[in-house]
Amino acid sequence: MVISANQPIGVFDSGVGGLTVLSALQEKLPNETFIYIGDTARVPYGNKPLELVSQYATQLATELKNKGCKLVVIACNSASTAADLSALEKSLNIPVVGVIDATVEEALTHAGRIGVIGTSATINSNAYGNIIKAHNREHWSRACPLFAPIVEENLADDQVAFLTAKHYLNDMPMDIEALILGCTHYPYLKHTIHAFLPRLKLIDSAHATANRVASILKIQVIEAQSTASDTTYYATGDTTTFKEMATRLGHRTNAVTHLPLVF
Ligand code: DGL
């Protein structure tokens with residue numbers, strides 16, 4: 001099948017976290033159209049077995065391909081960790097972009113030992129640690145399983161978020177200058193983490209991933225030519241809740257359609 005430039009780009013996450021990546025994509029690629037799926041019926045991914053999350057990733061990437069997407073962005077660290085990206089690319093015959101490689105690349109430009117926080121799935125798999133080690137750099141990591149639910153529960157600016165940050169990050173070594181937010185929900189906690197650790201450079205997946213997607217579109221000569229940029233939103237759970245949550249987090253969505261999944 002020949003990919004055509006004006007087909008949409010598909011983006012998915014377990015919930016609202018991937019909207020942080022979508023925003024960066026919309027900003028970087030204003031001519032593109034997007035389809036976003038928030039898998040809110042099955043959020044959180046980060047405390048589920050990797051094999052199960054990998055099945056979710058295959059299911060949603062296939063759904064996006066079937067909806068006509070020319071490229072799929074897995075805007076979720078846990079799903080990027082769990083999925084076999086090259087197998088997916090092969091079976092779907094379109095580029096499939098995860099968030100981990102590009103994020104590490106950005107982190108490596110900073111000095112010192114690199115810190116990584118993420119879901120249990122991402123941290124326990126050592127997906128970040130292995131790449132950082134392969135570049136002969138040291139890292140410190142910590143799973144923060146309460147952070148994504150805190151964001152989904154609209155508590156990112158609450159005292160509970162600050163106390164949770166303190167709980168997870170209190171013993172972080174002093175020689176860490178750059179901290180990877182290895183979960184796409186965590187950018188919503190940036191000012192809370194910053195309030196606790198103001199000296200740290202926080203690195204998220206959004207801009208690095210958008211840059212990576214832009215260069216793939218260019219190399220494959222599939223950049224959209226139209227200027228009719230638009231985004232279609234789907235949620236596998238309750239659509240009103242998704243829309244309200246996205247709005248509270250500063251993301252303007254138009255209509256959100258329910259995507260029924262066969263579990
Ligand atoms: N936003 C996701 C990630 O980047 C996962 C959050 C979750 O569902 O646990 O890992």
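Taking a Cβ cut-off of under 15 Å around Leu155, the surrounding Lys, Arg, Asp and Glu residues balance to a net charge of -2, with basic ones at +1 and acidic ones at -1. Site pair Lys133 and Val221 shows an inter-label distance of 4.2 nm when each label is modelled 7 Å from Cα along Cα→Cβ.
In the stretch 1-140, Cα pairs under 8 Å separated by at least six residues give a relative contact order of 25 percent.
Computed over the stretch 107-263, relative contact order equals 21 percent, with contacts defined as Cα pairs under 8 Å that lie 6+ residues apart. For Glu105 and Asp157, the difference between the fully extended length at 0.36 nm per residue and the C-alpha to C-alpha distance is 15.8 nm.
Annotation: for a label point projected 7 angstrom from Cα along Cα→Cβ of Ala195, residues of the stretch 152-168 with backbone N closer than 14 Å are 155-167.
Our estimate of slack between Asp84 and Thr62, defined as 0.36 nm per intervening residue step minus the Cα-Cα distance, is 6.6 nm. Where in the stretch 157-198 does the amide nitrogen come within less than 20 Å of the point 7 Å from the Cα of Leu261, taken along Cα to Cβ? So the set is 183-186. Near Ala235: Cβ cut-off under 15 Å, other residues only, Lys/Arg at +1 and Asp/Glu at -1. The net charge is -2. Packing around the peptides 170-180, 89-99, taken as the average count of other Cβ atoms within 10 Å per residue, puts them in this order, highest first: 89-99, 170-180.
Above 26 angstrom, tally the Cα pairs of the chain and express them as a % of all pairs, no decimals.
On the way: 12600 of 34453 pairs.
Here the long-distance tail beyond 26 Å is 37 percent of all Cα pairs in the chain.
Mean sequence separation of contacting Cα pairs (under 8 Å, at least six apart), scaled by the length of the stretch 90-198, corresponds to a relative contact order of 35 percent. Amide hydrogen proximity for Phe34: with H placed 1.01 Å from N in the peptide plane, the residues at 5 or more positions away or on another chain lying under 5 Å are Ile9, Asp230, Thr231, Thr232.
All of the numbers you see were taken from the coordinates with simple rules; none came from a lab. Worth saying up front: this structure is predicted, and the values here are computed from it rather than measured. Here the Cβ is made from the backbone with ideal geometry for all residues, glycine too, and neighbour counts use every protein chain on show.
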